1. Between residue 124 and residue 238, what is 0.36 nm times their sequence separation minus the Cα-Cα distance? Round to one decimal in nm.
2. Taking the Cβ of residue 196 as the centre, find all other residues whose Cβ is under 9 Å away and add up their charges (Lys, Arg: +1; Asp, Glu: -1).
3. Pairs 220/265; 88/112; 112/186; 126/220; 238/291: which are spaced more than 22 Å apart, C-alpha to C-alpha?
4. If we sort 171-183, 251-263, 9-21 on the protection proxy, mean other Cβ atoms within 10 Å, highest first, what's the order?
5. Measure off 7 Å from each Cα along the Cα-to-Cβ vector at residue 75 and residue 108, then give the distance between these two points in nanometres to one decimal.
6. Quick check: Cα centre of segment 238-297 to Cα centre of segment 113-177, how many Å?
7. For segment 208-306, just say rounded, prolate or oblate: build the C-alpha gyration tensor, square-root its eigenvalues into a ≥ b ≥ c, call rounded for a/c under 1.5, and beyond that prolate if a/b exceeds b/c, oblate if not.
8. Residue separation times 0.36 nm, minus the C-alpha to C-alpha distance between residue 175 and residue 95: what's the value?
Amino acid sequence: MTTYIKKCPECGSINLILHKDRGEVVCKDCGLVIEEKIIDFGQEWREFEDDKDNKKRRTGAPMTYTKFDRGLGTDVGKKGDVYQLRSKERNKYFRLRKWQHRVSTAIERNLKLALAELKRVTSYLKLPNSVEEEAARIYTMAVQRGLVRGRSMESVVAGALYAACRRYEIPRTLDELSEASGIDKKEIGRTYRFITRELGIRILPSNPVDFIPRFASALKLSAETQSKAVEILEKAQKAELTSGRGPSGIASASLYVAALINNEKRTQREVADIAGVTEVTIRNRYKELLKELDLDKEIKKKLLEAS
């Protein structure tokens with residue numbers, strides 16, 4: 001207990017004490033608790049040399065699933081003057097480094113390889129860290145449940161990453177995952193369904209609206225066209241035109257129609273290449289939208305205004 005220089009608002013006494021263990025400032029004369037729940041921002045260690053004070057930190061790095069040991073492992077660092085040690089001590093140091101890099105269990109060995117592959121695919125697809133963290137968590141759960149046995153590591157990584165993208169509503173197609181991982185998209189789809197079923201992961205169907213910003217940016221379309229495409233998609237969802245159809249196909253067709261309406265013409269081939277679908281898909285969805293939503297009149301009207 002140490003004296004806390006402050007005046008008691010009740011009795012005016014300056015005989016105050018600080019209880020560090022309770023985080024309170026109390027008046028010794030009248031017993032009034034002047035302050036409570038005080039946070040101690042001081043250091044939790046003692047240093048005996050001034051230069052060591054700056055090297056110490058209050059906490060370490062946060063735990064993460066993107067490392068096989070969750071980031072809790074220690075590392076025997078490289079010592080610059082190791083060759084100045086005696087021969088026996090130097091051999092001991094190299095032996096420690098060698099054993100530190102060895103992984104003990106089969107699960108840890110699998111995770112070490114798989115998480116490196118996950119980082120590569122995530123970087124290739126330019127996905128955020130939150131998606132990588134979620135995919136690593138799903139893969140770790142799959143390994144611990146023995147779901148990886150009998151399947152290639154790359155397909156399970158791709159399936160976990162696709163599930164993470166779906167959970168975070170980040171639009172990525174199976175074709176994109178297949179290109180990044182080198183695994184057939186049918187295999188990725190089977191693995192994805194197996195993992196989500198066995199782990200009890202509930203994922204909502206993909207929303208075609210999520211694909212619009214990325215496709216519009218790649219096609220260099222205006223914000224007005226993008227808004228029009230979203231409007232067309234909302235009408236299509238109300239008319240139940242999106243059920244049973246691929247989200248990327250209906251989204252790209254809506255964007256194609258919106259570009260025609262706003263006189264920002266793009267060919268079906270250009271839109272199909274960006275969306276990763278065929279021209280036939282674009283053409284079929286386009287005809288359905290024109291017929292069911294009566295957009296043909298709006299397109300003709302815009303063309304007449306432009307001429």
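1. Gain in length upon complete extension: 37.5 nm.
2. Computed value for this residue: +3.
3. 88/112; 112/186
4. Result, highest mean first: 251-263, 171-183, 9-21.
5. 1.6 nm
6. 30 Å
7. rounded
8. 24.2 nm
Coordinate-derived values only; no laboratory data. This one's a predicted model, so the numbers in the text were calculated from it and none came from an experiment. As a convention, Cβ positions derive from the backbone with ideal geometry for all residues, glycine included, and neighbour counts pool all protein chains shown.
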